[in-house]
1. Run the simple label-point estimate for residue 163 and residue 195 please: 7 Å along Cα→C-beta, distance reported in nm.
2. Give me 164, 55, 66 ranked fewest to most by other Cβ atoms within 10 Å of their Cβ, as a rough exposure proxy.
3. Can you figure out the FRET efficiency of residue 151 with residue 122, using R₀ = 25 Å and their beta-carbon distance, to the nearest 0.05?
4. Excluding residues fewer than 8 places away in the same chain, name every one of the lysines whose C-alpha is closer than 18 Å to that of residue 167.
5. Using θ = phi - 60° and the Karplus curve 6.51 cos²θ - 1.76 cosθ + 1.60, what whole-Hz ³J(HN,Hα) does each residue of region 62-73 get, with Gly and Pro shown as x?
6. Report, by chain and number, residues whose modeled amide H sits under 5 Å from the one on residue 202, excluding near sequence neighbours (fewer than 5 apart, same chain).
7. For the pair residue 83 and residue 53, what calculated FRET efficiency results from E = 1/(1 + (r/R0)^6), where r is the Cβ-Cβ distance and R0 = 25 Å, to the nearest 0.05?
8. Applying the Karplus parametrisation 6.51 cos²θ - 1.76 cosθ + 1.60 with θ = phi - 60° to the phi angles of region 146-159, what ³J(HN,Hα) value in whole Hz is obtained for each residue in order, glycine and proline being reported as x?
Amino acid sequence: MFPFIKSSKVSSNFYELVIGHFHVLFKIFTRFLHGIIAGAVTPLDGDAFTFRCSFFQNFKKIKKEFPNCKYSLAASGGIFLGKEYHYDMVRPGISLYGGKRTFHKGIKHAVSLKVPVTQINQIKKGESIGYSRTFYTKKNTTTATIPIGYADGLNIRLSNKGFFLFKGKKVSIIGRVSMDLIILDVTKFKNKIKVGDMIDIYNSDYTIDDFAKQTGTIPYRIITCMSQRYDKKYI
């Protein structure tokens, strides 16, 4: 395997590095070369435009030097830049899961996460909820407990401010996100929710892009942090 080469400069350093120093090794060992377009969907103004053009031109120069190699340049974002970026193979990643729909309006939702309610409790006004007692009820409150937490990839930053969905309506997280459990305020569904009902973490209406934004992260992390404890169903 050829060592990974990274160049953040907008000059021809990348091309010079490959051609000038590793030409012989490339001739002998390399059968496949792939690149990554930094900022594939970045607005094309100023430095971003210069960077993309420079990188693309350098990649084409390398291809001329080593015509017997297979080449790949486009990941999810690069695929939608046009066929000239496709070469021998494309690498759709997050778009396979319906993420980063800013890449293209045609990307469709592909992954959902649902969790069952395991407990329904009635909490009196003024009682605390969760570790460190970070939340106190301001009124008599109906809560639902669901078996998911930071051990399953849920960000603890959602404590006391995040939400999930029950029948398309928001239900707020109250108290700390625990290792294996989260408590939700379901007072507005007091007589309509029961043990075994499903809570949507994300779905076709509230996608991994939306959930990532709520969590303060990126959809790639939402997918890669999915717990092995989830029961995965492919349909």
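Since every read-out is calculated from the coordinates, none of them should be taken as a lab result. Since this is a predicted model, take the numbers as computed values, not measurements. Counting neighbours? That spans all protein chains shown, and the Cβs are built from the backbone with ideal geometry, glycine included.
1. Taking the simple label geometry, residue 163 and residue 195 are separated by 2.8 nm.
2. In increasing order of surrounding Cβ atoms, one gets 66, 55, 164.
3. Details: r = 27 Å, r/R0 = 1.09.
Computed FRET efficiency for residue 151 and residue 122 comes out at 0.35.
4. Counting by Cα, and skipping residues close in sequence, residue 167 has these lysines nearby: 114, 188, 190, 192, 194.
5. Values, residue by residue: 4, 4, 5, 6, 10, x, 8, 7, 9, 10, 9, 10 Hz.
6. 113
7. Values: r = 17 Å, r/R0 = 0.69.
Efficiency, from the Cβ-Cβ distance: 0.90.
8. 10, x, 8, x, 5, 5, 9, x, 6, 6, 5, 5, 6, 3
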